Amino acid sequence: MRLIAAAAGLLLVAGSAFAAEWNIEETRDTESAEKVTAATSTLEEGYRVEIFRNSDAVVRWRLSLPPSSFDRLPETGVVAFYRVDGGESSDIEIYRDDLVEAAASKGTYVRDRLWHGKGPSPTRGTLRDILDGKQLFVRFVTGSQSHVDAAFDLTGAASIISDALDISIAPDSSIQSRENARDEALLLAMTACMASTSPRQCLASLTRCTNNPATLTEDKLRTCMSADGFVFD
């Protein structure tokens, strides 16, 4: 997913009436064939969002076109854009990558990772935005020059999503504090690498030391980079 600046001209306009109702449903993840518990919302026109947790603890979502629609999503490239409230727009892109899980499109829907699932509740990212937000806007790309828009009301969604995923609605303040310290350390490390006499080696060390962002802490980052001979303050 790439963040798309507002200047790029993506101003999602509600093309569908808001659907206020969210539900918990037992459904099947079409990619893994697992039965999952999902928080769902379906617009009157048939546009649908499903948020669920798989057996690997990762939270994913599926954004679907109406079953009766003749529109189809591409199987490669950018297939959808989304935004919560007035925040930055992001895209979902289909690409091949053997190292990380990529989004998947089957023409009528797109499925993608939403949150790594570690911890009591997300502290940032799209799922956090959805839990805190009021409206979810989605633009489905149905051709090189065409798209359709849908808007989902997030009223009452947080409690339904938290029950379906077995997470807390509010983020853990202690985890947020640690992540803020980690992010500040990442910025310091990046700045130090750019000023280093060996920037390429320093950036390689930074990349290696941050290969598991879900468990990364400020102390782990400093210890790892120090072992490679790079100290930052």
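The values are calculated or read from the model by the stated rules, or taken from the named source; none is laboratory data. Keep in mind it's a predicted model, so treat the numbers as computed, not measured. For neighbour counting, all protein chains shown are included, and Cβ atoms are generated from backbone atoms with ideal geometry for every residue, glycine included. The area values use the complete protein model at the heavy-atom level, side chains included, leaving out ligands, DNA and RNA. Shrake-Rupley method; radii C 1.70, N 1.55, O 1.52, S 1.80 Å.
Here are some notes:
- Cα gyration tensor category, rounded, prolate or oblate, for the stretch 24-108 with a/c compared to 1.5: rounded
- Relative contact order (%) - the chain, alpha-carbon pairs under 8 angstrom, separation at least six: 19
- Gaussian network model of the chain, Cα within-10 Å springs - most flexible of GLN145, GLN176, GLN135: GLN145
- Counting only protein heavy atoms and using a 1.4 Å probe, the accessible area of LYS118 comes to about 120 Å².
- The alpha-carbon of LYS134 sits under 15 angstrom from the alpha-carbons of these aspartates and glutamates, leaving out residues fewer than 8 places away in its chain: GLU21, ASP85, GLU88, ASP153.
- If R0 is 41 Å, the Cβ-Cβ spacing of GLU44 and GLN176 corresponds to a FRET efficiency of close to 0.65.
- When +1 charges are put on Lys and Arg Cβ atoms and -1 charges on Asp and Glu Cβ atoms, the dipole computed for the chain relative to its Cα centre reaches about 480 debye.
- Ranking THR108, SER226, SER32 by Cα position along the charge dipole of the chain, where only Lys, Arg, Asp and Glu carry charges on their C-beta atoms, puts SER226 farthest toward the positive end.
- Counting protein heavy atoms only, the chain has 52 percent of its accessible area on carbon and sulfur, 1.4 angstrom probe.
- Rounded accessible area of TYR109 (nearest 10 Å², 1.4 Å probe): 30
- Surface accessible to a 1.4 Å probe, per residue, for the residues of the chain, Å²: 53
- Computed from point charges on the beta carbon alone (+1 for Lys and Arg, -1 for Asp and Glu), the dipole magnitude for the stretch 88-194 about its Cα centre is near 100 Debye.
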